[in-house]
1. Do we find a residue being surrounded by fewer than 17 Cβ atoms within 10 Å (Cβ to Cβ), in contact (Cβ under 8 Å) with a residue 40 or more places away in the chain and more than 22 Å from G150 (Cβ to Cβ) anywhere in the range 43-52?
2. Taking the conditions exactly as written (closer than 25 Å to I178 by Cβ, free of Cβ contacts under 8 Å to residues at least 40 places away in the same chain, touching a helix residue (DSSP H, G or I) at 6+ places or on another chain (Cβ under 8 Å) and among the hydrophobic types (A, V, I, L, M, F, W, C)), does V72 satisfy them or not?
3. Return yes when E53 is among the charged types (D, E, K, R), closer than 19 Å to L126 by Cα and either part of a helix (DSSP H, G or I) or at pLDDT below 95 (or both) and no when it is not.
4. Could you please give the count of residues in the range 19-36 that are out of contact with any helix residue (DSSP H, G or I) (no Cβ under 7 Å at 6 or more places or on another chain) and either in a helix (DSSP H, G or I) or under 19 Å from V120 (Cα atoms) (or both)?
5. Can you tell me which residue within the range 105-146, out of those that are more than 20 Å from T3 (Cβ to Cβ) and basic (K, R), is modelled with the lowest pLDDT?
6. Looking at the range 60-70, is at least one residue within 18 Å of T110 (Cα to Cα) and either modelled with pLDDT under 95 or of a type in the set (S, T, Y) (or both)?
7. Just to verify a result, which residue in the range 93-102, among those that are in contact with a strand residue (DSSP E or B) (Cβ under 8 Å, 6 or more places away or on another chain) and in contact (Cβ under 8 Å) with a residue 12 or more places away in the chain, is nearest to N57 (Cα to Cα)?
8. Look at the range 135-158 and say how many of its residues are outside any loop (DSSP other than H, G, I, E, B) and over 19 Å from K70 (Cβ atoms).
Amino acid sequence: MKTKRDLRKEMKETLLSIDRVTLNKWSQEITEHVLSLPEWVNAKTIGITISGEYEVNTKYLIEKAWESKKRVAVPKCHSKTKTMTFREITSFSQLEVVYYGLQEPIEDQTKEVLHNEMDVLFVPGLCFVTNGYRLGHGGGYYDRYLTEYGGNTVSLAFPEQLVEELPVEAFDIPVQKIVTNTKVIIADD
C-alpha cells in the first residue's frame, strides 16, 4: 500500500492535470446531487470549507445555502493548538486569505458556531474510499474536530479522488456519504 505522503503527492498531480472547465462542470453536478440529500434538505446550519483551486467548488453550495436561508459555518484553523472552530459567514467578503492561500472567516466580523449547531458537516479530503475513510491534507484538523462532532458527515469528491485503499489509523473517522458528479456513495464500513 502506498504511503499517505505518496498518495497526497499523486492526487495533487492528478487534480492539477484536469482542466478547470471540467472541474467546474463536475462541481456544479456535485452541487445538484447534494441539493437532493436529506442531510442537506433538513439542515438549518451547514459546516463547509471554502474550497481551494483544485477542489470541488464549495461556493456553489454556500450560495445555495444562503438562498435557502441556511446558516453557513466555515472553519477557522488555530495553528498554535492545531484545532479549528467554525464561524458563521453571511457574505464572501467576511473571508480573508491566510497561510497556503486558504480562505478563512475574519474573526471580528463573524461569530462562532458550535459543534452541536451544525446539522451537516462537509468534510474535505484528497482521496476517499467507499467505506468513508478519507485522506486529508495532513494537518489532522478534521480528524480532531470529528471526535467532538456527532452530526451528519458528507464529503464531496471528483471521480479521480476515489481510490481502492487508503492507510487508515486508529484516530481516522469515516464520513457517512461521499458525493461525486455521478453518484452518492453511502459509506459501507
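1. Taking the range 43-52 first, the residues surrounded by fewer than 17 Cβ atoms within 10 Å (Cβ to Cβ) are 44, 52.
Add one more test, that the residue is in contact (Cβ under 8 Å) with a residue 40 or more places away in the chain, and what stays is 44, 52.
Now narrow it down to the ones that are more than 22 Å from G150 (Cβ to Cβ): 52.
Yes, there is a match, as at least one residue in the range 43-52 is surrounded by fewer than 17 Cβ atoms within 10 Å (Cβ to Cβ), in contact (Cβ under 8 Å) with a residue 40 or more places away in the chain and more than 22 Å from G150 (Cβ to Cβ).
2. So V72 fits the description; yes.
3. Details: among the charged types (D, E, K, R): yes; closer than 19 Å to L126 by Cα: yes; either part of a helix (DSSP H, G or I) or at pLDDT below 95 (or both): yes.
Yes; evaluated as a whole, the condition is true for this residue.
4. Initial filter on the range 19-36 (out of contact with any helix residue (DSSP H, G or I) (no Cβ under 7 Å at 6 or more places or on another chain)): 19-26, 29-30, 32-33, 36.
Checking the rest, the ones that are also either in a helix (DSSP H, G or I) or under 19 Å from V120 (Cα atoms) (or both) come to 20-26, 29-30, 32-33, 36.
Matching residues across the range 19-36 total 12.
5. It comes out as R144.
6. We begin by selecting, within the range 60-70, every residue within 18 Å of T110 (Cα to Cα); these are 62-63, 65-66, 69-70.
With either modelled with pLDDT under 95 or of a type in the set (S, T, Y) (or both) added as a condition, the list becomes none.
Among the residues of the range 60-70, not one is within 18 Å of T110 (Cα to Cα) and either modelled with pLDDT under 95 or of a type in the set (S, T, Y) (or both), which makes the answer no.
7. Step one: list which residues in the range 93-102 are in contact with a strand residue (DSSP E or B) (Cβ under 8 Å, 6 or more places away or on another chain), which gives 94-98, 102.
Remaining after also requiring in contact (Cβ under 8 Å) with a residue 12 or more places away in the chain: 94-95, 98, 102.
Values: Q94: 18, L95: 16, V98: 18, L102: 13 Å.
Filtering the range 93-102 for residues that are in contact with a strand residue (DSSP E or B) (Cβ under 8 Å, 6 or more places away or on another chain) and in contact (Cβ under 8 Å) with a residue 12 or more places away in the chain, the one nearest to N57 (Cα to Cα) comes out as L102.
8. Initial filter on the range 135-158 (outside any loop (DSSP other than H, G, I, E, B)): 135, 141-146, 152-156.
From the residues that got through so far, the ones that are over 19 Å from K70 (Cβ atoms) too are 135, 141-146.
So the answer is 7.
The values are calculated or read from the model by the stated rules, or taken from the named source; none is laboratory data. None of the values given here were measured: they were computed from a predicted structure. Positions of Cβ are generated from backbone atoms using ideal geometry, with glycine treated the same way; all protein chains shown enter the neighbour counts.
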